[in-house]
Amino acid sequence: MLTVEQYIIKMKKKDNLDEFNFKNHAENMSAVLKYVMDYFNHYLNPEEYDYENIKTEQSALKISQEIEGFFPESKDFVIEYYKKTKGRVDRLLKSWMYERKYVHLIYSTEDYENTIHKFCSSSKMKGTEIEQYRDQLIILAKEIKARETEEPSISGFKYLDNTLVSWVKETYRSYGVNLFEFAQSYTSTFFDEYIERIYIRESEHFYYINRYNHRYNDNPFNMDVLYRENEHRPFINGRKGELEMLIMYVWVFEDASDEDYWPEYVNLCISTGRVSLVKRINELVPVTTKGMMYPVDVKSNMLFLETTTGTIKVAPNEAYILRLSYEKDNDLLWKDAARLDVVLKNLMDTFSQYGVPDTLELLSPLRSQTYGEEEFFKQYSILEKSLKKYKTIKIALVNGPQKQSGKLKYLMQTAEDVVNIHKTVKEMKFKLKFTIDISRLIKRKNYKGEFEEDFNRLTEIRTSIVGIHLSNLPSRTGFSHKHYKDGNTYLYKYDYPENSDFLGSFSALLNDNLSRYLVPEGMTSEAELEELVDDLLRGGFSFSGQEGE
């Protein structure tokens, strides 16, 4: 049934009436008045259309306009069902579907057939004779799912491994399933059951109490059941660990606010064989120095040696890192071409006798009024060209310690220096990389803000960092059941290892799949080294050659 406005438009088109033709102004007015009288006297037949029918027709018109474009194949069915029952079958079906635990995973014709069979048999639809519309309902269910499923966005999943993100995107392309949406929906049940939200009126503060132990859990989030009930789906079969990782990501970052656990969890999944797609993050290659032995489960096959002349006294029987250093403030090799030439010849003899090192470290020279980046790179270009034939060697500049005012400063001793020199390296297309001596870089910095800014700067050149030198951490990992985020307090039923501010910032700096060597310095005993290794493992670092549990 048409409204009066629609009736007038219909009749205008039929009679080719042009209301802007002012020559026929009187005739047009008469015609429109006649349309209105015909509408109420003849088109609206009270005997044929009662008030309820008119109301139903008007509502059906609004529904048609509302779902236009949403359900192109099901629009007529939705309208006819409404006229017959006064029920919005699209809303009923959508509400019922999204109360199902696995609705985000359905994709096949068989899935939709099973879904509609359960819908028609549900108590909500009992006695409605909905079964006669089974075929139309299957089409409608597909259109509802397609409309409600968004394309995966990684904006909230920036710490996920790229191969995991690729799996999610490929699943969406091939099956129309957004696994991110499923993970977020799935954890909501655990949030409602295990996380209690308390508001303290006096302090106007929210407390979130987590009573679910997600750490070191062999079957978190009932994954055994979840996988068993969905392993028939091709995008889940063989991907139990990867699906668990998506769910854990949502839980620790969005629900339980336990981000510290993420890097450790990723490496635990890899070491225990839970996942096959994902690579280790924060992987460190343990380097032995001064005869200090690592714990038995960390295997070191690389040695750290130092030279001031280019020759070495100890014969390395394994891979090695070689630092080209100088005594005290005598950095003549970086300021005298003849001296550099002697050192280079000695280095080539060393390489010929003992093999090429994995990395040649260059201790930063000293800065002066007459010596800066330009003078250094003139000398460095000679070194890089001389060693060009050694294809496998990496050359890395290492920062010196930050010196007291009044003393000579190193060319590279702060995070800002590193970033600036890296910029020059890129502009001049050198192959120079960087090794960061963390303990020297953050010396005398005790508060989070002081060293966090340095680490944030260094993330800009993360891919150019090939090695790390580190002594004891500024503060040890502790245990806590409290965590603060966005002005709220998160309390855990269980005491979890808590990363120090330094370790958390350090872990975030190297949060990728690249492998970097680690040279532990300043250790007075192997017990101290074991303590450092334990803290790094809890902080989400892994070691190449580490034995799996």
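Please state which one of Ile195, Ile154, Ile116 is β-branched (Val, Ile, Thr) and more than 24 Å from the chain's Cα centre (by Cα). Steps first, please.
Numbers: Ile195 fails: more than 24 Å from the chain's Cα centre (by Cα); Ile154 fails: more than 24 Å from the chain's Cα centre (by Cα).
Step by step, each of Ile195, Ile154, Ile116 is checked, and only Ile116 is β-branched (Val, Ile, Thr) and more than 24 Å from the chain's Cα centre (by Cα).
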Item to complete: Inspect all residues belonging to the stretch 270-281 and state whether any of them is in contact with a Leu (Cβ under 9 Å, 6 or more places away or on another chain), assigned to a helix (DSSP H, G or I) and among the polar types (S, T, N, Q).
Response: no
Contact list, first residue from the stretch 362-378 and in a helix (DSSP H, G or I), second anywhere and open to solvent by 20 Å² or more (accessible area, probe 1.4 Å), beta-carbon distance below 7 Å, six or more apart or interchain, is Glu373/Thr424; Phe377/Thr424; Phe377/Met428
Margin query: Among the residues in the stretch 109-117, are any open to solvent by 80 Å² or more (accessible area, probe 1.4 Å) and of a type in the set (Phe, Trp, Tyr)?
Written below: no
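Out of curiosity, is Tyr133 open to solvent by less than 60 Å² (accessible area, probe 1.4 Å) and either at pLDDT 90 or above or under 30 Å from the mean Cα position of the chain (by Cα) (or both)?
Details: open to solvent by less than 60 Å² (accessible area, probe 1.4 Å): yes; either at pLDDT 90 or above or under 30 Å from the mean Cα position of the chain (by Cα) (or both): yes.
Considered against the rule, which asks whether it is open to solvent by less than 60 Å² (accessible area, probe 1.4 Å) and either at pLDDT 90 or above or under 30 Å from the mean Cα position of the chain (by Cα) (or both), Tyr133 comes out as yes.
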Filtering the stretch 217-233 down to residues that are touching a residue at least 12 places away in the same chain (Cβ under 8 Å) and either aliphatic (A, V, I, L, M) or open to solvent by 10 Å² or more (accessible area, probe 1.4 Å) (or both) yields Met223, Leu226, Tyr227, Glu229, Arg233
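For (1) modelled with pLDDT of 85 or more; (2) open to solvent by less than 60 Å² (accessible area, probe 1.4 Å); (3) at positive phi, each residue gets a yes or a no:
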{"position": "Tyr496", "(1), (2), (3)": "no, yes, no"}
{"position": "Phe502", "(1), (2), (3)": "no, yes, no"}
{"position": "Glu521", "(1), (2), (3)": "yes, yes, no"}
{"position": "Thr524", "(1), (2), (3)": "yes, no, no"}
{"position": "Ala527", "(1), (2), (3)": "yes, no, no"}
{"position": "Glu531", "(1), (2), (3)": "yes, no, no"}
{"position": "Leu537", "(1), (2), (3)": "yes, yes, no"}
Checking Val89, Val177, Val165, Val78 in turn, the sole residue that is in contact (Cβ under 8 Å) with a residue 40 or more places away in the chain and either closer than 30 Å to Met248 by Cα or surrounded by fewer than 14 Cβ atoms within 10 Å (Cβ to Cβ) (or both) turns out to be Val177
| Is at least one residue of the stretch 306-315 hydrophobic (A, V, I, L, M, F, W, C), free of Cβ contacts under 8 Å to residues at least 12 places away in the same chain and loosely packed, with under 15 Cβ neighbours inside 10 Å? | yes
Within the bounds of the stretch 198-208, is there any residue that is crowded, with 18+ Cβ neighbours inside 10 Å and within 25 Å of the chain's Cα centre (by Cα)?
yes
Tyr194 fails exactly one of (1) open to solvent by less than 60 Å² (accessible area, probe 1.4 Å); (2) of a type in the set (Ser, Thr, Tyr); (3) farther than 23 Å from Phe541 by Cβ; (4) modelled with pLDDT of 90 or more, namely (1)
Of the conditions (1) at negative phi; (2) open to solvent by 10 Å² or more (accessible area, probe 1.4 Å); (3) not aromatic (Phe, Trp, Tyr), the single one that Gly238 does not satisfy is (1)
Per the filter on the stretch 68-90, residues among the acidic types (Asp, Glu), over 15 Å from Ala141 (Cβ atoms) and not in a loop (DSSP other than H, G, I, E, B) are Asp76, Glu80
Counting only helices (runs of 4 or more DSSP H) wholly inside the stretch 132-216, the ones holding at least 1 residues that are touching an Asp or Glu at 6+ places or on another chain (Cβ under 8 Å) and among the polar types (S, T, N, Q) are 179-194
(message) Within the stretch 43-52, does at least one residue satisfy the condition of being open to solvent by less than 60 Å² (accessible area, probe 1.4 Å) and assigned to a helix (DSSP H, G or I)?
(response) no
Leu491 vs (1) modelled with pLDDT of 85 or more; (2) surrounded by fewer than 20 Cβ atoms within 10 Å (Cβ to Cβ); (3) in a strand (DSSP E or B); (4) not hydroxyl-bearing (Ser, Thr, Tyr): all pass except (1)
Quick one: is Asn267 open to solvent by less than 20 Å² (accessible area, probe 1.4 Å) and over 17 Å from the mean Cα position of the chain (by Cα)?
no
Across (1) open to solvent by 20 Å² or more (accessible area, probe 1.4 Å); (2) touching a strand residue (DSSP E or B) at 6+ places or on another chain (Cβ under 9 Å), Met293 clears everything bar (2)
When every residue in the stretch 40-70 that is closer than 30 Å to Thr149 by Cα and of a type in the set (A, V, I, L, M) is compared, the one modelled with the lowest pLDDT is Ala60
Val343 vs (1) part of a helix (DSSP H, G or I); (2) touching a residue at least 60 places away in the same chain (Cβ under 8 Å): all pass except (2)
Condition met for Glu181 (closer than 17 Å to Lys101 by Cα and in contact with a Ser or Thr (Cβ under 9 Å, 6 or more places away or on another chain)) = yes
When every residue in the stretch 65-75 that is out of contact with any Asp or Glu (no Cβ under 9 Å at 6 or more places or on another chain) and on the phi < 0 side of the Ramachandran plot is compared, the one least open to solvent (accessible area, probe 1.4 Å) is Glu66
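The values are calculated or read from the model by the stated rules, or taken from the named source; none is laboratory data. The structure presented is a predicted model; accordingly, all values stated were derived computationally and were not measured. Note that each Cβ is placed from the backbone with ideal geometry, even for glycine, and that neighbours are counted across all protein chains shown. Protein only, heavy atoms only, side chains kept; ligands, DNA and RNA dropped before computing areas. Shrake-Rupley method; radii C 1.70, N 1.55, O 1.52, S 1.80 Å.
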